[in-house]
Amino acid sequence: AQSVSQHNHHVILSEAASLELGCNYSYGGTVNLFWYVQYPGQHLQLLLKYFSGDPLVKGIKGFEAEFIKSKFSFNLRKPSVQWSDTAEYFCAVNSGGSQGNLIFGKGTKLSVKP
Amino acid sequence: DSGVTQTPKHLITATGQRVTLRCSPRSGDLSVYWYQQSLDQGLQFLIQYYNGEERAKGNILERFSAQQFPDLHSELNLSSLELGDSALYFCASSVTPSGGTQYFGPGTRLTVL
């Protein structure tokens, strides 16, 4: 069965620090990869996605992610975080096969200190 | 705003009761997904409908059922509620039945007392 692992449960950073959140998935075939963000009390919003092509994808709010097929990884990065980035971040995968559902990681809570 | 709407926002009910959660997908989206978010299980896929037909089933209990109507809105019915059913229930929609981007609604927070 497919699974997604997010290595960090809770990350605490100061403003202007760089961010990298790890995500690994287990699935041998073609995958579509997503990062979603959930601000406190709000719904999931799409940050960025990878379907094919350039493995370095850019999303909203200065986030980017790199797909490394050999490592089954899709890490999320941001060079300089802001207090407003405080949220929970979810990595998700779907195989693009007949089933369309997403498999989510457990999420990483990011707290940014002003 | 994703364009996906869900009602109600909050629902408080007692054990043993039955509730219905409603979702309207984004205009033009044919596929609707239901997910449950709880502290211990995280985000779990429940069920998917595409253009009125059930497409895929995940970790959905037999006490739970769903349907998608001709106008494409969907309802998730939860019956014989237990304390452990307390969670956030999200609906998402997409254009295609598989592989596409899913847009999430604001969720319904269910509290079972």
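Mind checking which residues of the stretch B:75-96 are of a type outside the set (A, V, I, L, M, F, W, C), closer than 15 Å to residue B:46 by Cα and within 14 Å of chain A (Cβ to nearest Cβ)?
Hits for the stretch B:75-96 are B:89, B:93.
Counting only residues that are within 12 Å of chain B (Cβ to nearest Cβ), modelled with pLDDT of 95 or more and surrounded by fewer than 20 Cβ atoms within 10 Å (Cβ to Cβ), how many does the stretch A:74-105 have?
1
Residue A:52 passes all but one of (1) exposed (fewer than 13 other Cβ atoms within 10 Å of the Cβ); (2) touching a strand residue (DSSP E or B) at 6+ places or on another chain (Cβ under 7 Å); (3) within 14 Å of another protein chain (Cβ to nearest Cβ); which number fails?
(2)
Return the pairs, sorted by first residue and then second, in which the second residue is small (Gly, Ala, Ser) and part of a loop (DSSP other than H, G, I, E, B), the first residue lies in the stretch B:26-47 and is over 19 Å from residue B:63 (Cα atoms) and facing another protein chain (nearest Cβ under 9 Å), the beta carbons are less than 7 Å apart, and the residues are 6+ apart or on different chains.
That search, which allows pairs on different chains as well, returns B:31/A:100; B:42/A:107.
For residues that are crowded, with 18+ Cβ neighbours inside 10 Å and either basic (Lys, Arg) or touching a residue at least 24 places away in the same chain (Cβ under 8 Å) (or both), tally how many sit in the stretch A:25-47.
Count: 11.
With the requirement that a residue be at pLDDT 95 or above and at the interface with chain A (Cβ under 10 Å from one of its Cβ atoms), what does the stretch B:51-71 give you?
Matches in the stretch B:51-71: none.
So that you can scan it fast, the table gives a plain yes or no per residue for (1) touching a helix residue (DSSP H, G or I) at 6+ places or on another chain (Cβ under 7 Å); (2) on the phi < 0 side of the Ramachandran plot:
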{"residue": "B:33", "(1), (2)": "no, yes"}
{"residue": "B:62", "(1), (2)": "no, yes"}
{"residue": "B:68", "(1), (2)": "no, yes"}
{"residue": "B:72", "(1), (2)": "no, no"}
{"residue": "B:78", "(1), (2)": "yes, yes"}
{"residue": "B:92", "(1), (2)": "no, yes"}
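Any residue at all in the stretch A:13-20 that's surrounded by fewer than 17 Cβ atoms within 10 Å (Cβ to Cβ) and under 18 Å from residue A:72 (Cβ atoms)?
yes
If you take the residues in the stretch A:50-102 that are among the charged types (D, E, K, R) and touching a Gly at 6+ places or on another chain (Cβ under 8 Å), which one is farthest from residue A:19 (Cα to Cα)?
Taking the candidates together, the pick is A:88.
When you scan the stretch A:1-31, how many residues do you find that are of a type in the set (A, V, I, L, M, F, W, C), out of contact with any helix residue (DSSP H, G or I) (no Cβ under 9 Å at 6 or more places or on another chain) and assigned to a strand (DSSP E or B)?
Summing the residues that are of a type in the set (A, V, I, L, M, F, W, C), out of contact with any helix residue (DSSP H, G or I) (no Cβ under 9 Å at 6 or more places or on another chain) and assigned to a strand (DSSP E or B) in the stretch A:1-31 gives 4.
The values are calculated or read from the model by the stated rules, or taken from the named source; none is laboratory data. As the structure is a computational prediction, the values presented were derived from the model and not from experiment. Neighbour counts are summed over all protein chains in view; Cβ atoms, including those assigned to glycine, are modelled from backbone coordinates with ideal geometry.
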